[in-house]
Amino acid sequence: MPLAKINFKPGVNRETTSYGDENGWFNSDLIRFRKGRPEKMGGWSRLSSNTIEGTGRSLHVWAALDGSKFMGLGTEAKFYIEEGGGYNDITPIRSTVTLGSNPLKTGSVVSGATVITVTAPAHGAVTGDYVTFSGATATDGITTAQLNIEHEVTVVDSNSYQITTTGTASSGDTAGGGSAIIANYQINTGLNTVVSGTGWGAGLWSGLTTGYSQTTLNDSGGINDSVTSFTLTSAASFETASTTTSADLTAISSSITVADSSGFPAKGTILIGSEKIRYGTNVSNVFGDLTRGDDGTTAATSSSGDSVTFVGLILIGSELIQYTGKSSNTIDAGVVRGVRGTSAASHSDGAVVKEANDFVGWGESSSTAANIGSNIRLFSQDNWGEDLLFNVFDGTPYYWDKTLGLGSRATDLASQTGASGAPTITRRIMVSGSDRHVVCFGCNPLDETDQDLLMVRWSDQENPVDWTPTATNTAGSQRISSGSEIISAQKTRQEMLIFTDTALHAMRFTGPPFTFGFSMLANNVSIIGPNAVTTVGDKVFWMDRENFYVYTGRVQVIPCTLLRYVFDDINLEQSFKCFAASNKMFDEVFWFYPTADSTEIDRYVKFNFTENTWDLGTLSRTAWVDYGIHDNPRACGIANSTNFVYIHETGNNDDGSAMTSFIESADFDLGDGQQFMFVSRLIPDIDITSGSSDASVNYILKTRNFPGDSLATNSTNAVTSSTQQAFLRSRSRQVALRIESSTTDITWTLGDLRLDVRPDGRQ
């Protein structure tokens with residue numbers, strides 16, 4: 001039979017069914033379209049072996065006059081400036097305090113380390129904060145070198161917290177450290193996951209707001225995500241308790257009287273029948289402050305004498321695990337994995353295990369005196385010449401002076417020499433174009449401390465610290481006229497765009513007397529998150545909760561062949577994590593987002609704005625900056641629970657390992673699909689580049705007879721650049737083709753495809 005050429009349409013289309021998009025592409029991963037042809041996407045490698053603390057959410061690059069290249073990097077825990085692969089911690093200091101006499105008290109020994117309780121009245125820290133000590137003297141076997149360093153904080157209460165040292169106490173329960181300890185507290189850490197609670201600690205990040213115990217996992221080989229029994233180094237501090245009710249209970253009862261509550265902690269969760277009940281008080285055998293039908297259970301009635309069991313909570317990594325009993329050091333009763341919105345995961349032997357019964361849950365207030373908020377910690381940043389301006393979303397603007405060196409920390413913008421009227425809280429900070437003003441969006445008005453989420457203020461021209469308007473300067477302000485809050489702002493060649501929750505505005509430099517002019521560009525347009533926008537040349541791309549957009553002087557919706565797929569799949573609760581990234585060398589814009597079953601970014605959708613094609617794939621990147629200052633794009637990612645920065649479009653591998661890259665067609669048939677077709681031969685046309693002469697790409701033929709059937713793999717053929725033909729034997733009504741590579745040091749570009757196919761009856 002004559003060979004049939006199959007001409008596939010460029011781009012991936014999921015707006016219809018696989019059968020409905022005949023001769024199109026239906027699925028992909030780590031590919032791109034160039035001149036209408038699919039090819040494997042470029043690889044990536046680590047910038048350096050150095051790691052960062054926390055998940056990178058913001059990247060900005062700039063160059064100094066001496067040729068030095070810098071990259072600002074913000075996480076929920078730290079702010080760094082990278083140079084030459086080294087990460088310099090410039091996280092600002094919020095307060096410096098001299099502690100009282102002998103404030104360090106040694107306590108429990110955990111995994112060869114010592115937990116020290118620090119007395120520090122009104123410290124203002126939250127769990128996960130960092131403090132650096134100086135001036136501490138050796139105490140109870142803990143050396144000065146082990147004390148006078150940076151420590152991570154675990155809050156006990158408003159006047160004390162715990163740190164863990166690498167030393168081991170000689171006796172324990174000993175107070176010391178001297179009377180000259182200076183504590184430098186870094187700015188409060190933030191959330192790494194959006195939660196519905198009302199304060200810091202309402203979710204996974206810094207959720208343990210009071211003292212807790214910890215140990216390590218002691219299971220040889222670790223545990224997987226499904227085991228319901230695991231062993232700890234010590235389970236002595238992990239509570240178990242049981243009793244019986246002393247009175248009947250209705251579905252709306254607001255207190256529970258039990259025979260004996262002495263073995264139960266001050267607050268926690270209990271199990272009666274199949275109902276989980278969270279309690280906030282335990283006084284005289286009465287549990288009060290109840291949350292009935294907790295964790296998806298149903299509030300129910302019970303009788304006097306019914307069993308009451310304490311439900312413990314364990315935190316390993318980011319996974320919360322419930323249990324009701326233990327045998328010695330083995331947790332083996334009532335184990336439920338991945339509770340309270342967390343995901344069950346594998347954990348290595350030696351992993352830190354925390355008793356989490358005081359975990360602050362969704363909808364509960366934090367017991368710490370920290371700022372209130374529920375969004376993840378995001379940064380915006382821009383350079384002022386050689387220096388850097390940055391801020392935490394809804395936080396203080398900071399300034400880093402390059403002349404002070406990479407060993408210096410950033411300080412408040414309002415504290416700079418000559419500062420006047422500078423904002424003390426803002427959503428975003430930006431340096432305007434050639435006119436050189438610093439602009440804050442969603443900030444406090446002049447001479448006020450409360451934040452106005454629609455306020456825009458700018459400094460005097462060529463002066464980043466003077467924000468007080470006078471007759472002789474250009475400082476000023478403007479309140480946006482529509483919406484209830486500014487979500488984001490983006491710089492373009494000609495103007496700055498301001499996204500509120502309901503509209504898009506332009507801010508243009510006009511000169512005296514008003515300095516800037518403002519106009520509404522579009523109503524009923526917003527943005528899904530502060531970083532879901534990027535500029536490429538004279539184009540601005542962004543996404544909201546329904547569409548993708550481009551601004552080129554006017555706002556336009558971008559037709560998207562993956563629209564339904566993306567917005568049906570996205571986790572909108574974590575939408576602030578969504579971000580846009582440009583890859584100018586290939587005319588591409590990525591949008592990275594968390595899928596519905598994930599709390600972290602795990603997928604992307606990509607648009608080639610020159611060829612108007614879309615594709616999709618799986619890749620966990622949490623921040624990105626395009627090439628320009630550096631030769632390649634850079635991005636933050638996670639490997640084996642460790643945070644790195646990666647250089648993209650370098651090589652063909654996933655940091656030295658193989659990338660699985662594929663493209664899969666929609667179904668196609670003969671004519672109108674009335675007849676079966678018999679496929680006997682495939683003539684490949686593919687350009688393969690590799691260091692190996694026999695490098696191959698798999699051609700996978702999938703078949704089914706009806707659109708409602710599942711695709712079945714019929715044959716797989718390894719194809720090299722020199723393969724002339726591949727022999728098949730397939731009979732079906734519909735066929736789909738998948739081209740896939742999963743070996744190292746290989747890239748490929750697909751050409752045309754020809755099949756030897758003939759009709760083979762209707763039955």
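Take the residues of the stretch 732-753 that are part of a loop (DSSP other than H, G, I, E, B) and of a type in the set (Asp, Glu): which is farthest from VAL679 (Cα to Cα)?
Filtering the stretch 732-753 down to residues part of a loop (DSSP other than H, G, I, E, B) leaves 733, 742-745, 751-752.
Among the residues that remain, those that are also of a type in the set (Asp, Glu) are: 745, 752.
On the way: ASP745: 32, ASP752: 17 Å.
So, considering only residues that are part of a loop (DSSP other than H, G, I, E, B) and of a type in the set (Asp, Glu), the one farthest from VAL679 (Cα to Cα) is ASP745.
What pairs can you find where one residue is in the stretch 234-259 and more than 18 Å from TYR323 (Cα to Cα), the other is of a type in the set (Phe, Trp, Tyr), and their Cβ atoms are less than 6 Å apart, with a gap of 6+ or different chains?
Listed by first residue and then by second, the contacts come to ILE256/PHE287.
Let me confirm something: among ASP667, ASP685, ASP654, ASP626, which residue is closer than 25 Å to VAL12 by Cα, in contact with a helix residue (DSSP H, G or I) (Cβ under 6 Å, 6 or more places away or on another chain) and not assigned by TED's automatic domain parsing to the domain that holds GLY317? Before the answer, list the steps.
On the way: ASP667 fails: in contact with a helix residue (DSSP H, G or I) (Cβ under 6 Å, 6 or more places away or on another chain); ASP685 fails: in contact with a helix residue (DSSP H, G or I) (Cβ under 6 Å, 6 or more places away or on another chain); ASP654 fails: in contact with a helix residue (DSSP H, G or I) (Cβ under 6 Å, 6 or more places away or on another chain).
Within the list ASP667, ASP685, ASP654, ASP626, the selection yields ASP626.
Every residue in the stretch 677-712 that is surrounded by fewer than 19 Cβ atoms within 10 Å (Cβ to Cβ) and part of a loop (DSSP other than H, G, I, E, B), please. Steps first, answer last, please.
Of the residues in the stretch 677-712, the ones surrounded by fewer than 19 Cβ atoms within 10 Å (Cβ to Cβ) are 678, 680-681, 683, 685, 687, 689, 691-694, 698, 700, 705-712.
Once the filter is applied, which keeps residues that are surrounded by fewer than 19 Cβ atoms within 10 Å (Cβ to Cβ) and part of a loop (DSSP other than H, G, I, E, B), the stretch 677-712 yields ASP685, GLY691, SER692, SER693, ASP694, ASN705, PHE706, PRO707, GLY708, ASP709, SER710, LEU711.
Search the stretch 163-195 for residues being within 27 Å of the chain's Cα centre (by Cα) and without any contact (Cβ under 8 Å) to a residue 60 or more places away in the chain, and hand back the single one that is farthest from ARG409 (Cα to Cα). Give the derivation first.
In the first step, residues of the stretch 163-195 are kept if they are within 27 Å of the chain's Cα centre (by Cα); the result is 163-164, 185-195.
Narrowing further to those that are without any contact (Cβ under 8 Å) to a residue 60 or more places away in the chain: 163-164.
Working: ILE163: 23, THR164: 24 Å.
Checking each candidate, the answer is THR164.
How many residues, within the stretch 475-527, are without any contact (Cβ under 8 Å) to a residue 24 or more places away in the chain and among the hydroxyl-bearing types (Ser, Thr, Tyr)?
Going through the stretch 475-527 one residue at a time, the tally reaches 2.
What strands (runs of 3 or more DSSP E) completely inside the stretch 26-120 contain at least 3 residues that are under 28 Å from ASP654 (Cα atoms) and of a type outside the set (Ser, Thr, Tyr)? Working first, answer last.
Working: elements: 31-34, 37-40, 44-46, 58-63, 69-74, 79-83, 86-89, 93-98, 104-110, 113-119.
So the answer is 31-34, 37-40, 58-63, 69-74, 79-83, 86-89.
Exactly one of these conditions fails for ASP349: (1) surrounded by 18 or more Cβ atoms within 10 Å (Cβ to Cβ); (2) closer than 20 Å to ASN224 by Cα; (3) among the acidic types (Asp, Glu). Give me its number.
Condition (1) is where ASP349 drops out.
Scan the stretch 190-201 and give yes if some residue there is modelled with pLDDT of 90 or more and of a type outside the set (A, V, I, L, M, F, W, C), otherwise no. Step through it out loud before you land on a result.
So in the stretch 190-201, the residues modelled with pLDDT of 90 or more come out as 190.
Checking which are of a type outside the set (A, V, I, L, M, F, W, C) leaves us with 190.
Checking the stretch 190-201: at least one residue is modelled with pLDDT of 90 or more and of a type outside the set (A, V, I, L, M, F, W, C).
Test ILE629 against the criterion of being assigned to a loop (DSSP other than H, G, I, E, B) and touching a Leu at 6+ places or on another chain (Cβ under 9 Å), and give yes or no. Show your work before the answer.
Working: assigned to a loop (DSSP other than H, G, I, E, B): yes; touching a Leu at 6+ places or on another chain (Cβ under 9 Å): no.
So ILE629 fails the test.
So THR510 ticks every box in (1) surrounded by 15 or more Cβ atoms within 10 Å (Cβ to Cβ); (2) in a strand (DSSP E or B); (3) hydroxyl-bearing (Ser, Thr, Tyr) but one. Which box is left unticked?
Only one criterion in (1) surrounded by 15 or more Cβ atoms within 10 Å (Cβ to Cβ); (2) in a strand (DSSP E or B); (3) hydroxyl-bearing (Ser, Thr, Tyr) is unmet by THR510, namely (1).
Inspect the stretch 238-259 for any residue being in contact with a helix residue (DSSP H, G or I) (Cβ under 7 Å, 6 or more places away or on another chain) and under 27 Å from THR193 (Cβ atoms) and give the result as yes or no. If you could, list the steps in order and put the result at the bottom.
Going through the stretch 238-259, the residues in contact with a helix residue (DSSP H, G or I) (Cβ under 7 Å, 6 or more places away or on another chain) turn out to be none.
Checked the stretch 238-259: no residue is in contact with a helix residue (DSSP H, G or I) (Cβ under 7 Å, 6 or more places away or on another chain) and under 27 Å from THR193 (Cβ atoms).
Can you tell me which residue is nearest to SER28 (Cα to Cα) among those in the stretch 545-585 that are among the β-branched types (Val, Ile, Thr) and loosely packed, with under 15 Cβ neighbours inside 10 Å? Steps first, please.
Going through the stretch 545-585, the residues among the β-branched types (Val, Ile, Thr) turn out to be 550, 552, 555, 557-558, 561, 566, 570.
Still in the list and also loosely packed, with under 15 Cβ neighbours inside 10 Å: 552, 557.
Values: THR552: 29, VAL557: 24 Å.
Among those residues, the one meeting the criterion is VAL557.
So which of ASN583, ASN571, ASN640 is of a type outside the set (A, V, I, L, M) and touching a helix residue (DSSP H, G or I) at 6+ places or on another chain (Cβ under 9 Å)? Let's see the steps before the verdict.
Values: ASN583 fails: touching a helix residue (DSSP H, G or I) at 6+ places or on another chain (Cβ under 9 Å); ASN640 fails: touching a helix residue (DSSP H, G or I) at 6+ places or on another chain (Cβ under 9 Å).
Exactly one of ASN583, ASN571, ASN640 is of a type outside the set (A, V, I, L, M) and touching a helix residue (DSSP H, G or I) at 6+ places or on another chain (Cβ under 9 Å), namely ASN571.
Rundown of residues vs (1) buried (at least 19 other Cβ atoms within 10 Å of the Cβ); (2) in a loop (DSSP other than H, G, I, E, B), yes/no style:
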{"site": "ILE270", "(1), (2)": "yes, no"}
{"site": "ARG278", "(1), (2)": "yes, no"}
{"site": "ASP295", "(1), (2)": "no, no"}
{"site": "SER304", "(1), (2)": "no, yes"}
{"site": "GLY312", "(1), (2)": "yes, no"}
{"site": "LEU320", "(1), (2)": "yes, no"}
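Scan the stretch 533-552 for residues that are in a loop (DSSP other than H, G, I, E, B) and in contact with a Leu (Cβ under 9 Å, 6 or more places away or on another chain) and jot them down.
Of the stretch 533-552, the ones in a loop (DSSP other than H, G, I, E, B) are 537-538, 544-547, 552.
Hits for the stretch 533-552 are ARG545, GLU546, ASN547.
Restricting attention to the stretch 134-156, which residues are crowded, with 22+ Cβ neighbours inside 10 Å, part of a strand (DSSP E or B) and at pLDDT 95 or above?
Going through the stretch 134-156, the residues crowded, with 22+ Cβ neighbours inside 10 Å turn out to be 136, 139, 142, 147, 153-155.
The next check asks that each one be part of a strand (DSSP E or B); those that pass are 139, 142, 154-155.
Scanning the stretch 134-156 gives THR139, ILE142.
Give me the residue from the stretch 216-250 that is modelled with pLDDT under 85 and under 30 Å from the mean Cα position of the chain (by Cα) and, out of that set, nearest to SER328 (Cα to Cα).
Among residues in the stretch 216-250 that are modelled with pLDDT under 85 and under 30 Å from the mean Cα position of the chain (by Cα), the one nearest to SER328 (Cα to Cα) is THR216.
Which of the residues belonging to the stretch 715-738 are among the aliphatic types (A, V, I, L, M) and within 13 Å of SER680 (Cβ to Cβ)? It would help to see each step written out before you state the result.
Step one: filter the stretch 715-738 for residues among the aliphatic types (A, V, I, L, M), giving 718-719, 726, 728, 735-737.
If the condition is that a residue be among the aliphatic types (A, V, I, L, M) and within 13 Å of SER680 (Cβ to Cβ), then ALA726, LEU728, VAL735 are the ones that fit.
Could you check, for the stretch 482-490, whether at least one of its residues is touching a Lys or Arg at 6+ places or on another chain (Cβ under 9 Å) and part of a loop (DSSP other than H, G, I, E, B)?
The answer is yes; a qualifying residue exists.
Filter the stretch 586-599 down to residues that are at pLDDT 95 or above and in contact with a helix residue (DSSP H, G or I) (Cβ under 9 Å, 6 or more places away or on another chain) and give me whichever is surrounded by the most Cβ atoms within 10 Å (Cβ to Cβ). Before you say what the answer is, go through the steps one by one.
Initially, the stretch 586-599 is screened for residues at pLDDT 95 or above, giving 586-595.
Imposing the further condition that a residue be in contact with a helix residue (DSSP H, G or I) (Cβ under 9 Å, 6 or more places away or on another chain) reduces the set to 591-595.
Values: TRP591: 24, PHE592: 24, TYR593: 26, PRO594: 24, THR595: 16.
Filtering first and then ranking leaves TYR593.
Please count how many residues of the stretch 238-268 are in contact with an Asp or Glu (Cβ under 6 Å, 6 or more places away or on another chain) and part of a strand (DSSP E or B).
Step one: list which residues in the stretch 238-268 are in contact with an Asp or Glu (Cβ under 6 Å, 6 or more places away or on another chain), which gives 238, 243, 245, 265.
With part of a strand (DSSP E or B) added as a condition, the list becomes 243, 245.
Residues in the stretch 238-268 being in contact with an Asp or Glu (Cβ under 6 Å, 6 or more places away or on another chain) and part of a strand (DSSP E or B): 2 in total.
If you go through the stretch 537-544 one residue at a time, do you hit one that is among the small types (Gly, Ala, Ser) and surrounded by fewer than 18 Cβ atoms within 10 Å (Cβ to Cβ)? Break it down into steps so the answer makes sense when it comes.
To start, the set of residues in the stretch 537-544 that are among the small types (Gly, Ala, Ser) comprises 537.
In the following step, the residues that additionally are surrounded by fewer than 18 Cβ atoms within 10 Å (Cβ to Cβ) were identified as 537.
Checked the stretch 537-544: at least one residue is among the small types (Gly, Ala, Ser) and surrounded by fewer than 18 Cβ atoms within 10 Å (Cβ to Cβ).
Does any residue of the stretch 560-583 turn out to be modelled with pLDDT of 95 or more, at positive phi and assigned to a loop (DSSP other than H, G, I, E, B)?
Among the residues of the stretch 560-583, not one is modelled with pLDDT of 95 or more, at positive phi and assigned to a loop (DSSP other than H, G, I, E, B), which makes the answer no.
Examine the stretch 516-525 for a residue that is surrounded by fewer than 22 Cβ atoms within 10 Å (Cβ to Cβ) and closer than 30 Å to ASP21 by Cβ, and state whether such a residue exists.
Looking through the stretch 516-525, at least one residue is surrounded by fewer than 22 Cβ atoms within 10 Å (Cβ to Cβ) and closer than 30 Å to ASP21 by Cβ.
The values are calculated or read from the model by the stated rules, or taken from the named source; none is laboratory data. Fair warning: this is a prediction, and the values are worked out from it, not measured in the lab. Cβ atoms come from the backbone with ideal geometry, glycine included; neighbour counts cover every protein chain shown.
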